[in-house]
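Note sheet for the following structure.
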Amino acid sequence: MFGIPGALRRTGFAVGASMLVAAAPAAAQAGNLGLSHHRVVFDGTSRTATIYLFNRGSVPAAFRIDLIDMTMSSDGIIRPVAADALVPEHSARDVLEFTPRRVLLGPQQSQAVRIRVRPPEASGELRSHLAITALPASDAPPTVERLDNGVANGVAVQISTLFSVSIPIVVRTNAKAASAHIDKLQVTRGGTAAGATLRFDLVRDGPGSVYGDVELVSGRGRDQRVLGSIRGIALYPETDHRTVQLAAPAVAPGQTARLVFSNREAPASVEVASANLIIP
């Protein structure tokens with residue numbers, strides 16, 4: 001959670017709280033805010049990119065746009081770097097520019113946000129996140145109200161929850177996406193005849209990040225059937241692995257299946273890693 005990125009902001013008797021929402025694989029959305037992209041990668045083929053913000057609501061909405069740094073832990077959760085912490089080595093803020101920084105959108109209106117990169121001199125991969133935060137509907141100052149609790153001097157605390165959505169901006173210089181492999185695969189059942197949960201580590205191979213989809217499939221070719229899937233899994237360089245849980249409600253005991261991780265950044269979703277298993 002963050003208000004001014006990375007922290008809660010307290011002003012008078014009001015607490016402004018923002019809930020950071022990781023972007024979905026399709027067009028990202030938080031509240032009435034929609035985005036045309038879930039991820040932007042600069043790999044040397046272009047120095048500019050454009051994403052579009054959409055106000056899907058029925059009333060005007062204002063948004064603040066920030067470039068922030070975030071870090072991933074081995075549980076796959078991405079958290080903002082504290083404002084008073086050291087700038088992480090993977091930060092791309094020094095090589096990225098964007099405009100505008102604030103927008104006001106009428107109902108069902110859209111706005112282009114343009115991003116430009118200045119190619120860094122050193123080879124490797126950098127990353128920061130573009131965070132778009134809904135601003136309060138009014139700039140009116142916070143109010144102090146009497147609480148109806150029998151206390152004459154009771155003071156109300158007004159809490160505003162502001163939703164944000166963020167997307168990663170990846171800058172690669174003379175570098176390719178990393179690879180990965182599957183490790184520590186475990187299958188547990190919930191006591192029913194059908195259905196299971198897979199738990200495994202996705203381990204990064206190489207210095208950069210990797211981004212893709214996980215599928216549990218049975219059969220091959222035209223007979224292939226997807227038993228469970230997770231779309232848009234990222235593994236960033238600050239952690240060498242992340243633990244993934246995949247629900248497969250349609251599998252039956254004794255069923256043969258194949259767990260596959262495919263690279264979404266490749267033109268044809270190239271298979272990166274796989275593991276064969278028999279559902280216990």
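The values are calculated or read from the model by the stated rules, or taken from the named source; none is laboratory data. Just so you know, these numbers come straight off a predicted model, no measurement behind them. Glycine also receives a Cβ, built like all others from the backbone with ideal geometry; neighbour counts cover every protein chain displayed. The area values use the complete protein model at the heavy-atom level, side chains included, leaving out ligands, DNA and RNA. Shrake-Rupley method; radii C 1.70, N 1.55, O 1.52, S 1.80 Å.
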If r is the Cβ-Cβ distance from GLU265 to VAL59 and R0 is 35 Å, what FRET efficiency results, to the nearest 0.05?
-> 0.40
With every protein chain left in place, what is the accessible area of LEU104 in Å² (1.4 Å probe, nearest 10)?
-> 130 Å²
Report the accessible area of ASP84, computed with a 1.4 Å probe over the heavy atoms of all protein chains in place, in Å² rounded to the nearest 10.
-> 140 Å²
Sorted by chain and number, the residues with a modelled amide H under 5 Å from that of GLY228, at a separation of 5 or more or across chains, are LEU216
Once label points are set 7 Å from the Cα along Cα→Cβ at both ALA252 and THR239, what is their separation, rounded to one decimal in nm?
-> 3.6 nm
Kindly report, to the nearest 10 Å², the accessible surface of LEU227 as traced by a 1.4 Å probe over protein heavy atoms only.
-> 10 Å²
C-alpha center-to-center spacing [the range 207-236, the range 115-129] in angstrom | 28 Å
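Going by the alpha-carbon gyration tensor, a ≥ b ≥ c the square roots of its eigenvalues, is the range 66-135 rounded (a/c under 1.5) or, if a/c is not under 1.5, prolate (a/b greater than b/c) versus oblate?
Oblate shape, in that a/c is at least 1.5 and b/c is the bigger or equal ratio.
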Hey, can you find the accessible area per residue of the range 189-253 for me, probe 1.4 Å, expressed in square angstrom?
-> 47 Å²
Gyration tensor verdict on the range 38-87 (Cα atoms; rounded if a/c is under 1.5, prolate if a/b is larger than b/c, oblate otherwise) = oblate
Ordering ASP66, ASP75 from largest to smallest accessible area (1.4 angstrom probe), what's the sequence?
-> ASP75, ASP66
Stretched out fully, how many nm does the piece from ASP94 to ILE230 gain, at 0.36 nm a residue minus the Cα gap?
-> 45.7 nm
